[in-house]
Amino acid sequence: MTSSFRYARLRDFVLVLLAFGVLGLLHLAALGILLQTEDDLVPCIAFVLAWAFLNCGWLALIRRPVVAGQTPAATFRGQPSVLPSAPPATGHLRSRE
């Protein structure tokens, strides 16, 4: 084996490890979001199913695991809540007497 071939194989191996590391960090970030925002079983299951659905969908379209893993995270980043804010606890509905 020539040394250039050996270094090319090592470089490819390091790049694959780096790609899997980035992919793992993206999924760990999703797990952190899950643990921070969901506290009941049904919302946790819904989060995991939505995450898996988005990952599989983007993976089918893009065919690149790292980009497909990043896209669902970028989809929800910085999105405002769609639910209206709660009214103030006191003083917002006063009876007219």
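We did not get these values from a lab; they are worked out from the coordinates using the rules stated. Just so you know, these numbers come straight off a predicted model, no measurement behind them. Cβ placement follows ideal geometry from the backbone for every residue including glycine, while neighbour counts extend to all protein chains displayed.
Put +1 on the Cβ of every Lys and Arg and -1 on every Asp and Glu Cβ in the range 3-74; which of PRO72, ILE33, ALA46 then has its Cα farthest towards the positive end of the dipole? Of the candidates, PRO72 comes out farthest on the positive side.
Taking 0.36 nm per residue of separation and subtracting the current Cα-Cα distance, fully stretching the chain between ALA19 and VAL66 would add 16.2 nm.
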